[in-house]
Amino acid sequence: MSRIWVLLGERLALGVVTLIAISALIFLGVELLPGDLAQQILGQSATPETVEAFRRELGLDQPAVQRYFQWLAGALHGDFGNSLSNNRPISELLSARLGNTLFLASFAAAISIPLALTLGVLAALYRNSVFDRLCNVVALVCVSLPEFFVAYVLILFFSVRMALFPSLSNIDAAMPFGELLYRSFLPALTLVLVVVAHMMRMTRAAIINVLASPYIEMARLKGMGRLRVILFHALPNALAPIINVVALNLAYLVVGVVVVEVVFVYPGLGQLFVDAVSHRDVMVVQSVGLIFAAAYILLNLIADLLSIVSNPRILNGEG
Amino acid sequence: MTDDIKAGSPLLSIRNLTIEGRSSEGWIKLVDGVDLDLARGEILGLIGESGAGKSTLGLAAMGFTRDGCRIAGGSIDFDGIDLVGSGETVRRDLRGKRIAYVAQSAAASFNPAHKLIVQHCEAPVVKKVMPREKAMKDAVDLYRRMRLPQPEEIGFRYPHQVSGGQLQRAMTAMAMACRPDLIIFDEPTTALDVTTQIEVLATIRDIVRQFGTAAIYISHDLAVVAQMADRITVLKSGRAVETAPTRTMLRDPKEDYTKSLWSVRSLDHARAPERPTVGPVLSVRNIDAAYGALKVLEGVSFDVHAGRTVAVVGESGSGKSTAARVISGVVRPSLGEVLFEGRRLAADYRTRSREDLRHIQMVYQMPDTALNPKQRIRDIVGRPMEFYLGLRGRERDRRIAGLLEQIELDPAKYMNRLPSELSGGQKQRIGIARALAAEPKLIICDEVTSALDQIVAAGILKLLADIQKERNLALLFITHDLSTVKAVADEVIVMQHGRIAEAGNVGDVFARPASGYTTRLLQSVPEMDPDWLTRTLTSRNAEPFS
């Protein structure tokens, strides 16, 4: 078992290094934006004296490297500085928005992962049947359509025509859980349609890939039924690629929701991100970018660990 | 126990069975009108070259056809049950319970995700033959009967934690789990080293006799089948050529094809003259090599002279392939040096001169993967001529044609073919032609015949011997097969655990082996005598099984 802890340590260290590298890139990107931050905020009409004073207030007169480490140290403590547009602490803004985004992502994941795995297993089981082909066609259509289009189609049918669900998902923490689910149903469904295809097709492909192995023929020659062959013999050996694609899609659910949140006016990180960009609130953009990167790295880290745990060769060492 | 078994109704009765497989040219016959009977408790040997339909026929005895195959005609009757006409449910119920299967590579056929005992108990528990606790106890009992070490614990390991020979025995134990009436053994020892093979053969034979299980034993190796089977059927291109009780078949084969299979085994060659007085072409001096912390070669030294064949023989893990890789400069030795015609060669092939590279060529084990599937024969053979000899255009084509003639392939027909349009033996000939194209002084042959059938392999060995004589080539033969050594080599180097256990002229070493390991290795090679296994086991009775 000690090998796992070594591996865990390695991956964790690697994750931290990646995150630091990304934070540096984000900081550099903001630095490279044309014009001085202070000048941009104050506008063209500001006198050089006011700009100079404002720069001192923001700490922009210090060298970039020093400001980077200050920002990084603050971010590590959960202090992302203050928003430029309303001067509120960014961490305050983030916490509510992050919670909402995670809620929406979990909602979509809770539907899409079991659905994708079940459909993938069934498609592999009845491969080349009508069911398999139908699954593939629907999945391909969903994955090919841009998500805003899927979102508007859903709004058209479920809110405008049938009036079943609200088209605006403005939620707040005070609402009861059922209300939250009801209001965020359409954005969640949009996300489900977008991610389920990828996971389903990967599950199907991973299982079918394993089905060519001699141990699958052996299982069939032991007289095992088709479902048992797939669930007991093929699936455990196909887990690593499936876990990876699930993690990738989970990361997408957190990071890639920008468009969906905007369409449904859902008060999540994506919406905040877009607002910050339009207000030129670079501090917020910086912070949200860092959080997105962290989510990506963390989910991939978890996927790596799960793939390792699912492989007895690595788990138990060589014999 | 041969003819008298046939009394009473047979357990398995196959009549006029035809199985077809889908190919690019439509359905082709894999098994073509085969009749076969098997009595209860009888062991039938099925022998033939690859593509003869042995496995297809063996699987059909379980009512199973691989994807892309179909039973086109005939009947399979297992104990009164029609395996062709009955539904999949009936057949599936029989499999694992009354008919079991032991595959060629246990390492690939055990599921890597589950422990051995879990896989062992699957059939008895799922098929409700016995409850799990009883099946687990029985598994341990069977492991003990198969003489597996630590029978109480070995089942709780994953396949990758158990050696190949042990896995093969565990798989036989698994086949026995429901005490089937019939077991299909599909080349169960082909992937094993000879010293491991003998143990597995002995345990398989014992357990099949203990339980009176009938078996179909499939192999391409006559000597192995001779130890196991009561009767032998020879297959060729999907047809049963000849069937006879084992002793009759060995003593007096009737058909020409059977006789040709027999004669391949006695292949021998004229020994090269004694070592020439000029210095060796290749000289390996005190080589040590390691993969990370794992030492694979220790103090290995030998010489290869022009016009002579040196065989390096050993079991898997003995370091024989690493020795070849050190010589070709792919693996850097941690100690020692390689001399070519008395000059020291750079340890890394990337720093060797083109001339040094040209003089040492390789022929590989798997002709399928050693040839670029996208290149035509002309380019495969022509490339070394351009690279090493600077030949172009017509002169190059003329030489390619000459080489193809030498390897007995018609240039007009084969020059523009792709490797996929050749048979395994033809591909290996192209591999040899490619090595010759560089006009080397030494060719390293790494298990060049182990992926080929006996008759095809014999052709390749003869070709190499002819070319050697003509060009005064030095050949270094890496092999695990002692009969190949006997057939081609002048000198032999026996390797064990990365060291040279013994070296000398083939005749001397084989007649009077000096090391205990060589003796054991030689004793483990099956002979064409049905009593060989029994005799060998009695003679070394004192030795415990590992």
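The values are calculated or read from the model by the stated rules, or taken from the named source; none is laboratory data. Quick caveat: nothing in here was measured; it's all calculated off a predicted structure. Glycine gets a Cβ as well: all are built from the backbone with ideal geometry, and neighbour counts include every protein chain shown. SASA here: full protein model, heavy atoms, side chains in, ligands and nucleic acids out. Shrake-Rupley method; radii C 1.70, N 1.55, O 1.52, S 1.80 Å.
Residue-level analysis places B:Ser283 outside the set of residues that are in contact (Cβ under 8 Å) with a residue 60 or more places away in the chain and either open to solvent by less than 20 Å² (accessible area, probe 1.4 Å) or touching a strand residue (DSSP E or B) at 6+ places or on another chain (Cβ under 9 Å) (or both).
From the residues in region B:101-112 that are closer than 16 Å to B:His160 by Cα and of a type in the set (A, V, I, L, M), which one is nearest to the other protein chains (Cβ to nearest Cβ)? Within region B:101-112, the match that is nearest to the other protein chains (Cβ to nearest Cβ) is B:Ala108. Among the residues of this structure, B:Ser353 does not count as one that is within 24 Å of B:Leu522 (Cβ to Cβ), open to solvent by 30 Å² or more (accessible area, probe 1.4 Å) and in the same structural domain as B:Gly425 (by TED's automatic domain parsing).
For region B:172-204, give me the residue count where each residue is assigned to a loop (DSSP other than H, G, I, E, B), touching a Gly at 6+ places or on another chain (Cβ under 7 Å) and among the hydroxyl-bearing types (Ser, Thr, Tyr).
0
Test B:Val296 against the stated conditions and say whether it is modelled with pLDDT under 90, in a strand (DSSP E or B) and assigned by TED's automatic domain parsing to the domain that holds B:Ser483. Yes, satisfied. The number of residues in region B:309-348 that are open to solvent by 50 Å² or more (accessible area, probe 1.4 Å), in a strand (DSSP E or B) and farther than 11 Å from B:Ser283 by Cβ comes to 1.
Elements of the type strands (runs of 3 or more DSSP E) sitting completely within region B:3-71 and holding at least 2 residues that are open to solvent by 10 Å² or more (accessible area, probe 1.4 Å): these cover B:12-23, B:26-38.
If only residues of region A:262-285 that are touching a residue at least 24 places away in the same chain (Cβ under 8 Å), surrounded by fewer than 24 Cβ atoms within 10 Å (Cβ to Cβ) and not hydrophobic (A, V, I, L, M, F, W, C) are counted, the one that is nearest to A:Asp172 (Cα to Cα) is A:Pro267.
Looking at region B:364-384, can you tell me whether even one residue there is of a type outside the set (Gly, Ala, Ser) and in a strand (DSSP E or B)? The answer is no; no qualifying residue exists. B:Leu452 satisfies every condition listed in (1) under 19 Å from the mean Cα position of the chain (by Cα); (2) closer than 17 Å to B:Gln361 by Cβ; (3) part of a loop (DSSP other than H, G, I, E, B) except (2). None of B:Arg376, B:Arg383, B:Arg398, B:Arg434 is at pLDDT 90 or above, under 27 Å from the mean Cα position of the chain (by Cα) and either farther than 29 Å from B:Ala306 by Cα or open to solvent by 20 Å² or more (accessible area, probe 1.4 Å) (or both) except B:Arg434.
Yes or no, residue by residue, for (1) small (Gly, Ala, Ser); (2) under 29 Å from the mean Cα position of the chain (by Cα):
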position	(1), (2)
B:Lys295	no, yes
B:Ser301	yes, yes
B:Leu335	no, no
B:Ala347	yes, no
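For region B:197-227, the set of residues classified as touching a Ser or Thr at 6+ places or on another chain (Cβ under 8 Å) and open to solvent by 10 Å² or more (accessible area, probe 1.4 Å) consists of B:Gln197, B:Glu199, B:His220, B:Asp221, listed by residue number. Selection of first residues in region A:222-236 that are facing chain B (nearest Cβ under 9 Å) and over 11 Å from B:Asn111 (Cα atoms) and of second residues that are part of a loop (DSSP other than H, G, I, E, B) and open to solvent by less than 40 Å² (accessible area, probe 1.4 Å), restricted to Cβ pairs under 8 Å at least 6 apart or on distinct chains, gives the following pairs, ordered by first then second residue: A:Lys222/B:Gly96; A:Gly223/B:Gly96; A:Gly223/B:Lys127; A:Met224/B:Gly96. Being modelled with pLDDT under 90, open to solvent by 20 Å² or more (accessible area, probe 1.4 Å) and polar (S, T, N, Q) is a property that B:Gln166 has. Scanning region A:134-145 for residues that are in contact (Cβ under 8 Å) with a residue 40 or more places away in the chain and closer than 14 Å to A:Thr190 by Cβ turns up A:Cys142, A:Val143.
Here region B:113-163 is the region considered, the condition is being within 14 Å of chain A (Cβ to nearest Cβ) and basic (Lys, Arg), and the residue that is least open to solvent (accessible area, probe 1.4 Å) is B:Lys127.
Among residues of region A:198-216 being within 13 Å of another protein chain (Cβ to nearest Cβ) and open to solvent by 40 Å² or more (accessible area, probe 1.4 Å), the one that is nearest to A:Ala116 (Cα to Cα) is A:Ile208. Does region B:83-100 contain any residue that is more than 10 Å from chain A (Cβ to nearest Cβ), open to solvent by 40 Å² or more (accessible area, probe 1.4 Å) and under 26 Å from B:Met528 (Cβ atoms)? So far as region B:83-100 goes, no, none of its residues is more than 10 Å from chain A (Cβ to nearest Cβ), open to solvent by 40 Å² or more (accessible area, probe 1.4 Å) and under 26 Å from B:Met528 (Cβ atoms).
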